[in-house]
Amino acid sequence: MTRRLYYEDSHRKEFQAVVTACEKAENYWRVSLDQTAFFPEGGGQAGDSGFLEDVEIFDTHEKQGIVWHYAKAPLDPGAQVLGRIDWDKRFSRMQQHSGEHIVSGLVHARFGYDNVGFHLGEQEVTLDFNGNITKEELVEIELEANKAVFANLPVQISFPSREELAFLEYRSKIEIEGQVRIVTIPGIDVCACCAPHVKQTGEIGLIKLTGVQSHRGGVRVNMLAGIRALEDYREKEASVKAVSVLLSAKENQTAGAVERLKQEAYELKGRLMCLNLARIQEKAAAVSEGTENPVYFETDLDMDTCREFVNLLTERSRGTACVFAGNDTEGWRYVFGSHTEDTRPLCRYLNGEFQGKGGGKPEMVQGSLKGNQESIREAADRFLNNPSL
Ligand SMILES: [Zn+2]
């Protein structure tokens, strides 16, 4: 059995130990020690990484009471080694995990829900509960959780006897072989858990609940604690600052400014459509009655107005009316219409000549082409004068 230094002191970063075994695995080595501060995977928390002397340990797992350090190089059994765990990573995980106990304890006390899924990833932390929590309730839970942090409560570890356990109210009450380890945050939570935790809740720092969504008949809550909450704040702050500069709006008033901008864009779009409509009405009126196969190229015209233009042209002209909108670099969108001809053969012909897409009904087709105005016009004229092409 490996002596667990992380249970004696969850803040132990360095330790001396003797190598008791070293086994070759696929492309790494499994090393056991007489004692270790490396926490093996458990309770939803991943195994620690770090170094034994200068050999990198990339993961830690437990098997039958022995803690195995997954090493990138072998170590000699019997050798004395200095172990150093990746403290930043471990401390962040403890912040998330102790934070999770607080939130789960508060949710359990208020709603009676169980935490039925806990994911402590390197970026994301999620808590699943078997009941509904609204966004408003989540804000209240978040405030309560942070009050528990500010109160700097002790995180107490105990190993109650079987008899004591039988009468103890705690979360994660399942039959566990051997000694059950209870993690208590006074007044907030009592839970069976094997992972290392912070010593005082103040170490957790901010607890931010960033989202809640329906999940398997209950909810999934997203949480960030400590350093991760700070990093999230920094990212969001940078984003808000950038938007605030772009809109010349105060940082806490960007949403209103975006709303106004959207409204402005909407109105401008409306005005542009009116102007375009007036422009095409003028153009269509200038077409003399009975003109054959009118073809127009416009640089700035939306599809609705293009269709309207084609409708106006077909009223006055004979044959097929063609309207193209766009430019030579980005390509041309088109609408063709006719009261007498099937417009689809022209559509197919031009699609074939200019890597085009599109189609429609005999009386109207629409689509897009790639090519320059001159060649498209030539090809269209060619086809309209000789539809057997
Ligand atoms: Zn736990």
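The values are calculated or read from the model by the stated rules, or taken from the named source; none is laboratory data. Predicted, not measured: the structure shown is a model, and the values here were computed from it. Here Cβ is always computed from backbone atoms with ideal geometry, including for glycine, and neighbour counts include all displayed protein chains.
The set of residues in region 84-103 being within 13 Å of the ligand (Cβ to nearest atom) and of a type in the set (D, E, K, R) consists of ARG93, GLU100. Only residues that are β-branched (Val, Ile, Thr) and within 16 Å of the ligand (Cβ to nearest atom) were counted across region 17-47, and they come to 0. Just one residue in the set ASP59, ASP128, ASP48 is touching a Gly at 6+ places or on another chain (Cβ under 6 Å), of a type in the set (D, E, K, R) and in the same structural domain as GLN16 (by TED's automatic domain parsing); that residue is ASP59.
Applying the set (1) part of a helix (DSSP H, G or I); (2) crowded, with 20+ Cβ neighbours inside 10 Å; (3) among the small types (Gly, Ala, Ser) to GLY256 leaves exactly one unmet item: (2). Exactly one of (1) surrounded by 20 or more Cβ atoms within 10 Å (Cβ to Cβ); (2) modelled with pLDDT under 95; (3) in a helix (DSSP H, G or I) is unmet by LEU384. Its number? (1) is the only condition that LEU384 fails. Of the residues making up region 231-240, at least one is surrounded by 10 or more Cβ atoms within 10 Å (Cβ to Cβ), among the aromatic types (Phe, Trp, Tyr) and more than 27 Å from GLY371 (Cα to Cα).
May I ask you to say which residue of GLY178, GLY187 is more than 16 Å from the ligand (Cβ to nearest atom), assigned to a loop (DSSP other than H, G, I, E, B), farther than 17 Å from GLY42 by Cβ and not assigned by TED's automatic domain parsing to the domain that holds TYR7?
After applying the criteria, what remains is GLY187.
Would you say LEU230 is in a helix (DSSP H, G or I), more than 23 Å from THR126 (Cα to Cα) and either out of contact with any Asp or Glu (no Cβ under 9 Å at 6 or more places or on another chain) or away from the ligand (no atom under 16 Å from the Cβ) (or both)? No: the conditions fail for LEU230.
Of the residues screened, ALA265 is not one that is under 25 Å from the mean Cα position of the chain (by Cα) and not assigned by TED's automatic domain parsing to the domain that holds LEU301. Condition test on ALA192, is it touching a residue at least 24 places away in the same chain (Cβ under 8 Å), closer than 24 Å to TYR6 by Cβ and among the aliphatic types (A, V, I, L, M)? No: the conditions fail for ALA192.
Only residues that are in a loop (DSSP other than H, G, I, E, B) and within 11 Å of the ligand (Cβ to nearest atom) were counted across region 190-203, and they come to 5. Looking at GLY50, is it away from the ligand (no atom under 16 Å from the Cβ), within 18 Å of VAL18 (Cβ to Cβ), touching an Asp or Glu at 6+ places or on another chain (Cβ under 6 Å) and in contact (Cβ under 8 Å) with a residue 24 or more places away in the chain? In short, yes. Quickly run through region 317-330 and pick out the residues that are closer than 19 Å to ASP381 by Cα and out of contact with any strand residue (DSSP E or B) (no Cβ under 6 Å at 6 or more places or on another chain). Matches in region 317-330: SER317, ASN327, ASP328.
Return yes or no: is ALA109 exposed (fewer than 15 other Cβ atoms within 10 Å of the Cβ) and closer than 30 Å to ASN130 by Cβ?
yes
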